[in-house]
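Structure first, commentary second.
The values are calculated or read from the model by the stated rules, or taken from the named source; none is laboratory data. Just so you know, these numbers come straight off a predicted model, no measurement behind them. All Cβ positions, glycine included, derive from the backbone under ideal geometry; neighbour counts span all protein chains shown. Keep in mind that these areas ignore ligands, DNA and RNA; they rest on the heavy atoms of the full protein, side chains included. Shrake-Rupley method; radii C 1.70, N 1.55, O 1.52, S 1.80 Å.
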Amino acid sequence: MFSHQTTIRLHNTDAGGVLFFAEQFKLAHDAYESFMESAGFPLTALIKDSAYRLPIVHAEADFLKPLAAGDRITVRIKADRIGDTSFTLAYTLLRNGSDPVGTAKTVHVLIDKNNGGKRTLLPELREKL
């Protein structure tokens, strides 16, 4: 399991002062980018230098409690499913490290940069997941 900590900023909230719904995906994706970097697969290098891509082909989220500017959260990531060409990550958002406030899932598929065809997950990525 990987953990990423952040703070909800004013620009993450809506006119009601709570986390805007689309921002939960941004928080999850920020945690995903941190995870990939720590695993040795920084997304900027993958996009610029590699022969493959890892697009998100499905995303879902549930909001359990409102978040407001200033709230400290931890986003925990775990591999929910690892297939031949894809993987699913499950995210849990915790206020103050222990109060569940949201969940999300993203499905990523490894594709060939040039033709868009699916590729088998790299063994070193599978190991990190």
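Observations, loosely collected:
- Solvent-accessible area assigned to carbon and sulfur over region 33-129 amounts to 48 percent, based on a 1.4 Å probe.
- Three-way shape call for region 1-44 based on the alpha-carbon gyration tensor, with the a/c threshold at 1.5: prolate
- Proximal lysines to LYS113, defined as alpha-carbon separation beneath 23 angstrom and excluding residues fewer than eight positions away on the same chain: LYS48, LYS128
- For region 1-81, the solvent-accessible area with a 1.4 angstrom probe is 59 square angstrom per residue.
- Matching label, Rg and Dmax of the Cα atoms in Å computed from the structure shown, candidates (1) 12.9, 34; (2) 14.5, 48; (3) 15.5, 46: (3)
- Excluding same-chain neighbours fewer than eight residues apart, the lysines reachable from LYS26 by a Cα-Cα span under 20 Å are LYS65, LYS78, LYS105.
- Full-stretch length increase - PHE20, LEU64 - with 0.36 nm per residue and alpha-carbon distance subtracted: 14.5 nm
- Cα gyration tensor shape of region 57-129, rounded if a/c is under 1.5, else prolate or oblate by comparing a/b with b/c: prolate
- Distance-filtered residues of region 88-129 - backbone nitrogen under 20 Å, label point 7 angstrom along ALA51 Cα→Cβ: 109-127
- Nearest 10 degrees, 0 to 90: helix 23-38 Cα axis against the chain principal axis: 50
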